[in-house]
Amino acid sequence: MRLSTDRLILRRARREDLDDLHLVLSHPAVMRYWATPEHETLAESRAFLAAMIDAGPEADDFVIERDGRVIGKAGAWRLPELGYLLHPDHWRQGLGREALGAVIPHLFAAHDLAALTADVDPRNSASLRLLGSLGFVETGRAEKTIRWRDEWSDSIYLALPRPM
């Protein structure tokens, strides 16, 4: 499976993506609002990549490739929840919107989903703006939903209903 945009290729992960993906997963700013802190070892990223490659039908996930290099990931690790990561060298260029603009229609076309969901840390204003611009609406909030290092993070829950 491969999705293409003007500047990006979104495709299934491959073992040879390890070094590029590790550059993304080991960056503190990328992982600040993820479920886990940045990867300190290549072994952590190798395990993450293996899980992407070996994921079952509950997943529909892609690496984001630009100019032949993997710069992030986008998709659903566990349907219907949308997730994405992008290396900071590629922030503020509309690439997150471009990637999700390809992934979201694919997920609705490939799966019988009433809605896509997202769980965002309230401090992650860039992700909240991006998802809002794509039509996601807030459905709820919760406190202390995930422990990240020594602090608790809250959640804003969002949903994007299936288009009519």
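A short reminder: the numbers here are calculations on the coordinates, not readings from a lab. Please read all numbers here as calculations on a predicted model, not as lab measurements. Counting neighbours? That spans all protein chains shown, and the Cβs are built from the backbone with ideal geometry, glycine included.
From a point 7 Å beyond the Cα of SER125 in the direction of its Cβ, which residues of the stretch 150-164 have a backbone N at a distance under 19 Å?
154-157
Treating only the Cβ atoms of Lys and Arg (+1) and Asp and Glu (-1) as charged, compute the dipole magnitude of the stretch 2-116 about its Cα centre; round to the nearest 20 debye. Please list the in-between numbers first.
Numbers: 14 positive and 18 negative charges, 46 e Å.
The dipole of the stretch 2-116 has a size of about 220 debye.
Within the stretch 45-87, name every residue whose backbone N is under 15 Å away from a label modeled 7 Å from Cα of ALA115 along the Cβ vector.
80-82
Mind giving me the nanometre distance, one decimal, between the label points for THR5 and GLU40, set 7 Å out from Cα along Cα→Cβ?
For the pair THR5/GLU40, the computed spacing is 3.4 nm.
Taking loop as defined by DSSP and a crowding limit of 16 other beta carbons within 10 Å, which trypsin sites (Lys or Arg not before Pro) in the stretch 1-82 fit? Kindly include the intermediate steps, with their values, before the conclusion.
Details: sites: ARG2, ARG7, ARG11, ARG12, ARG14, ARG15, ARG32, ARG46, ARG66, ARG69, LYS73, ARG78; in loops: ARG7, ARG12, ARG14, ARG32.
Those that pass, being in a loop and sparsely packed, are ARG7, ARG12, ARG14, ARG32.
What GluC sites (Glu not before Pro) in the stretch 38-98 are in a loop by DSSP, with at most 13 other Cβ atoms within 10 Å of the Cβ? Kindly include the intermediate steps, with their values, before the conclusion.
Details: sites: GLU38, GLU40, GLU44, GLU58, GLU65, GLU81, GLU98; in loops: GLU38, GLU40, GLU58.
In loop regions of the stretch 38-98 (DSSP not H, G, I, E or B), the sparsely surrounded GluC sites (Glu not before Pro) are GLU40, GLU58.
GNM, the chain, Cα, under 10 Å: largest mean-square fluctuation among PRO57, PRO80, PRO122?
Looking only at PRO57, PRO80, PRO122, the biggest GNM fluctuation is shown by PRO57.
Compute the signed sum of charges (Lys and Arg +1, Asp and Glu -1) over the other residues within less than 14 Å, Cβ to Cβ, of ILE156.
Numbers: positive: ARG123, ARG129, ARG141, LYS144; negative: GLU81, ASP119, ASP121, GLU138, GLU143, ASP154.
Counting the neighbours of ILE156, the net charge comes to -2.
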